[in-house]
Amino acid sequence: MTSPVWRPFFQHAVEPDPPVIVRAEGAYLHTADGRALLDAISSWWVTTHGHRQPHIMAAIRAATDSLDQMIFATVTHEPAERLARELVAIAPPGLAHVFYSDSGSTAVEVALKMALGAFANRGERRTTIVALEGAYHGDTIGTMSVGERSVFNAAYEPLLFDVARLPFPAPGREQATLDRLEQLARDGGVAALIVEPLVLGAGGMRMYPPSVLAELARIAREAGALVIADEVMTGWGRTGSLFACEQAGLSPDILCTSKGLTGGAVPLAATLATAEIFEAHLSTDRSKTFFHSSSYTANPIACAAAVANLGVWRDEPVRARIAALAAAQAKRVARFEGDPRFANPRVCGTIAAVDLVAPDTGYLAEIGLTLRGFFLERGLLARPLGEVLYLMPPYCVTEAELDRLYDAFEEAAGLIGGPR
Ligand SMILES: *Cc1c(COP(=O)(O)O)cnc(C)c1O
């Protein structure tokens with residue numbers, strides 16, 4: 001091992017060296033040794049239309065002719081102004097202001113600070129954050145605090161702040177989740193409910209219906225709490241609609257978006273907020289300023305890429321592609337129904353998942369690494385979450401490519417699956 005690179009979520013002591021990619025195109029990553037890897041997970045959920053979408057790449061090239069990073073606290077530029085106007089126009093109604101940062105984690109940190117800051121600035125003592133069990137909101141200290149406690153953050157546990165937890169609204173147990181929120185709301189002090197709408201991503205592609213999302217938001221609002229929708233993964237069509245909240249008729253107070261915001265080409269994040277939250281920070285008393293910035297806030301090249309992404313959504317049949325992919329996934333995932341090697345086949349929009357029934361499961365189980373190697377040998381880039389096999393491909397994926405992926409799932413189950 002000669003590379004000085006310290007890779008993310010990578011155990012250098014046991015994992016093989018990763019393939020070197022020399023070209024990305026559509027649904028494929030091409031390796032230096034001439035293989036094509038089918039990207040079944042959109043490169044960790046960022047690539048929406050496909051790799052190197054031509055209009056987005058052209059916009060990036062054009063932007064670099066005239067702009068690079070500039071201090072956004074002091075100056076502004078057209079890509080950021082235009083993107084903010086266009087985001088407000090397509091986001092759920094009521095979201096009127098756009099704060100830029102550069103990753104999903106920072107978008108969520110900003111959301112939490114906006115919510116807590118709004119109450120603090122109004123002189124109202126509300127500091128409790130309510131989150132779902134199994135939630136994932138990022139890897140910084142604040143976002144780990146609102147996320148599920150697990151092996152991923154055990155070492156930092158003493159430094160994470162306390163949040164109130166709702167049990168996951170599993171099928172048949174939704175009422176317990178709602179009841180717990182009612183109880184927390186009665187106790188008072190709840191500043192915000194933060195949720196991944198409809199699908200808990202890193203928590204294992206666990207899905208719950210729009211009706212539960214709508215109820216959670218209603219209860220939180222009636223208690224005077226804010227609703228934060230972490231749409232970092234679910235945004236940009238993943239769940240079938242542009243934003244997952246739409247399916248619940250929900251306009252959250254704060255919405256976090258990142259991954260698919262630039263189509264997955266370059267990093268950018270935005271936290272959208274209502275006029276009320278913005279106005280809570282509006283004062284001649286400068287101590288009420290929203291004190292947050294990233295060095296690369298509103299990077300013009302990234303903003304230009306995002307503007308181009310919105311253009312692709314406007315000018316190309318993206319919604320029809322998503323509907324077709326959703327139907328193709330639903331049709332295929334049904335083949336696992338009743339197969340004892342699989343459990344819980346499920347689909348939400350373009351996302352399909354199924355649990356592999358195996359003797360040895362959990363994120364740290366050997367099967368995770370075994371499965372990754374198994375798929376890679378077949379030219380497939382997939383990364384099961386422990387025993388959870390899932391597909392979240394870019395929207396350019398073909399039905400024949402989906403068949404290859406589903407066949408590989410079956411084959412993997414034949415080799416590894418079996419009763420616990
Ligand atoms: C990926 C993800 C994040 C964190 O985004 P990063 O860009 O990796 O920091 C936050 N929330 C959700 C729901 C995510 O899926």
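The values are calculated or read from the model by the stated rules, or taken from the named source; none is laboratory data. This one's a predicted model, so the numbers in the text were calculated from it and none came from an experiment. Every residue, glycine as well, gets a Cβ built from its backbone with ideal geometry; the counts of neighbours run over all protein chains shown.
Within the range 132-154, is there a residue that is away from the ligand (no atom under 16 Å from the Cβ) and assigned to a helix (DSSP H, G or I)?
Yes, because at least one residue in the range 132-154 is away from the ligand (no atom under 16 Å from the Cβ) and assigned to a helix (DSSP H, G or I).
Limited to the range 183-201, what total is found for residues that are crowded, with 21+ Cβ neighbours inside 10 Å, part of a loop (DSSP other than H, G, I, E, B) and either away from the ligand (no atom under 16 Å from the Cβ) or at positive phi (or both)?
Summing the residues that are crowded, with 21+ Cβ neighbours inside 10 Å, part of a loop (DSSP other than H, G, I, E, B) and either away from the ligand (no atom under 16 Å from the Cβ) or at positive phi (or both) in the range 183-201 gives 1.
Going through G260, G264 one at a time, which residue ends up being assigned to a loop (DSSP other than H, G, I, E, B) and crowded, with 24+ Cβ neighbours inside 10 Å?
Answer to the selection: G264.
Six or more apart or on different chains, Cβ atoms under 9 Å: show the pairs whose first residue is in the range 222-234 and closer than 17 Å to L95 by Cα and part of a loop (DSSP other than H, G, I, E, B) and whose second is among the polar types (S, T, N, Q) and near the ligand (Cβ under 8 Å from one of its atoms).
E231/S258; V232/S103; V232/S105; V232/S258
From the residues in the range 389-400 that are surrounded by 20 or more Cβ atoms within 10 Å (Cβ to Cβ) and of a type in the set (A, V, I, L, M), which one is nearest to the chain's Cα centre (by Cα)?
M392
From the list A225, A214, which residue is touching a Lys or Arg at 6+ places or on another chain (Cβ under 8 Å) and not aromatic (F, W, Y)?
A225
So is G204 farther than 19 Å from S145 by Cβ, within 16 Å of the ligand (Cβ to nearest atom), outside any helix (DSSP H, G or I) and not assigned by TED's automatic domain parsing to the domain that holds A326 or not? Walk me through it before giving the result.
Working: farther than 19 Å from S145 by Cβ: yes; within 16 Å of the ligand (Cβ to nearest atom): yes; outside any helix (DSSP H, G or I): yes; not assigned by TED's automatic domain parsing to the domain that holds A326: yes.
So G204 fits the description; yes.
Applying the selection to the range 40-58, what residues are within 16 Å of the ligand (Cβ to nearest atom), out of contact with any helix residue (DSSP H, G or I) (no Cβ under 7 Å at 6 or more places or on another chain) and outside any helix (DSSP H, G or I)? Steps first, answer last, please.
Step one: of the range 40-58, the residues within 16 Å of the ligand (Cβ to nearest atom) are 41-48.
With out of contact with any helix residue (DSSP H, G or I) (no Cβ under 7 Å at 6 or more places or on another chain) added as a condition, the list becomes 41-44, 47.
Scanning the range 40-58 gives I41, T47.
Look through the range 96-129, keep the residues that are polar (S, T, N, Q) and surrounded by fewer than 24 Cβ atoms within 10 Å (Cβ to Cβ), and return whichever of them is farthest from the ligand (Cβ to nearest atom). Walk me through how you get there before you give the answer.
Within the range 96-129, the subset polar (S, T, N, Q) is 101, 103, 105-106, 121, 127-128.
Going one step further and asking which of them are surrounded by fewer than 24 Cβ atoms within 10 Å (Cβ to Cβ), we end up with 103, 105, 121, 127-128.
On the way: S103: 4, S105: 3, N121: 25, T127: 22, T128: 20 Å.
That would be N121.
A323: among the aliphatic types (A, V, I, L, M) and buried (at least 18 other Cβ atoms within 10 Å of the Cβ), yes or no?
So A323 does not fit the description; no.
Among the residues of the range 218-249, how many are within 24 Å of G117 (Cβ to Cβ) and within 16 Å of the ligand (Cβ to nearest atom)?
Of the residues in the range 218-249, 9 are within 24 Å of G117 (Cβ to Cβ) and within 16 Å of the ligand (Cβ to nearest atom).
Can you say whether T31 is more than 30 Å from P252 (Cβ to Cβ) and either polar (S, T, N, Q) or within 16 Å of the ligand (Cβ to nearest atom) (or both), as far as the supplied structure shows?
Considered against the rule, which asks whether it is more than 30 Å from P252 (Cβ to Cβ) and either polar (S, T, N, Q) or within 16 Å of the ligand (Cβ to nearest atom) (or both), T31 comes out as yes.
Any chance you could count how many residues in the range 357-371 are modelled with pLDDT under 70 and touching a Pro at 6+ places or on another chain (Cβ under 6 Å)? Step through it out loud before you land on a result.
Quick first cut of the range 357-371, residues modelled with pLDDT under 70 only: 361-365.
Then keep just the ones that are touching a Pro at 6+ places or on another chain (Cβ under 6 Å); that gives none.
Matching residues across the range 357-371 total 0.
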